[in-house]
Amino acid sequence: MRCNAAAGSSTRGFTLIEVLVVMLIMGLCVGLVSAIVRPNDRGLLRVEAERLAQLLDLAATESRLTGKSIAWTTDGHSYRFWRMTGNGEWSELRDSDLLRARKLPQGMMISGLQVEDVPVRGAMRLEFASYSPALSFTIEMSLGAARYSVAGSPIGEVQVLPGTGNANGGLALR
């Protein structure tokens, strides 16, 4: 009995086409997962704007309850809260986990502040006095092409508005 060596041996391994198909499928899966996991600019900006709105509302409420003025300041890429001390000086809030200094995510910035419809020039500062009525304000935030505004009304409501903060029908600002 003769045995043909070529007929008995089988080729082991993958062809180039099979390897390319597997790599294509893996690439599609990785791309899909990264697109799902990474939030878009608009969603990330909305989350940060809502956080800022809640913190500003908290600062205003705490100012009224404690009888001490609280201020919010920003350099455009981060923000912090300050409390008026008994001797009339401002001291940065370091004893509050909620009203602590915060840095905005990479590329996000606070691009403007208006108080009572007047743009603030220079250092952006917003004060919540315990003894006076709330001021209307608009804080503009941006990340890439996405824009959101945090707007406060004279009755103390703080809302997040898409776009440039034009409150037509949503929030009456003076």
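Here are some notes:
- Flag if D117 is touching a Lys or Arg at 6+ places or on another chain (Cβ under 7 Å) and exposed (fewer than 14 other Cβ atoms within 10 Å of the Cβ): yes
- Residue in the stretch 80-98 that is under 24 Å from G163 (Cβ atoms) and modelled with pLDDT of 90 or more present: no
- Conditions (1) assigned to a loop (DSSP other than H, G, I, E, B); (2) surrounded by 17 or more Cβ atoms within 10 Å (Cβ to Cβ): number failed by D95: (2)
- The single condition among (1) touching a Lys or Arg at 6+ places or on another chain (Cβ under 8 Å); (2) over 20 Å from T138 (Cα atoms) that S69 does not satisfy is (2).
- Residues that are small (G, A, S) and either at positive phi or exposed (fewer than 10 other Cβ atoms within 10 Å of the Cβ) (or both) within the stretch 16-36 comprise S34, A35, listed in sequence order.
- Residue among E92, E48, E116 that is acidic (D, E) and touching a residue at least 60 places away in the same chain (Cβ under 8 Å): E48
- The stretch 120-131, subset loosely packed, with under 10 Cβ neighbours inside 10 Å and either of a type outside the set (A, V, I, L, M, F, W, C) or in contact (Cβ under 8 Å) with a residue 60 or more places away in the chain (or both), residue farthest from E157 (Cα to Cα): G122
- Sole exception among (1) surrounded by 16 or more Cβ atoms within 10 Å (Cβ to Cβ); (2) among the β-branched types (V, I, T); (3) free of Cβ contacts under 8 Å to residues at least 40 places away in the same chain for T73, by number: (3)
- Annotation: G13 fulfils all but one of (1) surrounded by fewer than 17 Cβ atoms within 10 Å (Cβ to Cβ); (2) among the small types (G, A, S); (3) in contact with a Ser or Thr (Cβ under 7 Å, 6 or more places away or on another chain); the unmet one is (3).
- Qualifying residue in the stretch 134-145 (condition: touching a residue at least 24 places away in the same chain (Cβ under 8 Å), among the hydroxyl-bearing types (S, T, Y) and over 29 Å from N40 (Cβ atoms)): yes
- Residue that is modelled with the highest pLDDT, among those in the stretch 99-155 that are out of contact with any strand residue (DSSP E or B) (no Cβ under 7 Å at 6 or more places or on another chain) and under 20 Å from K68 (Cα atoms): R100
The values are calculated or read from the model by the stated rules, or taken from the named source; none is laboratory data. All figures in this text were calculated on a predicted structure; none of them were measured in a lab. For neighbour counting, all protein chains shown are included, and Cβ atoms are generated from backbone atoms with ideal geometry for every residue, glycine included.
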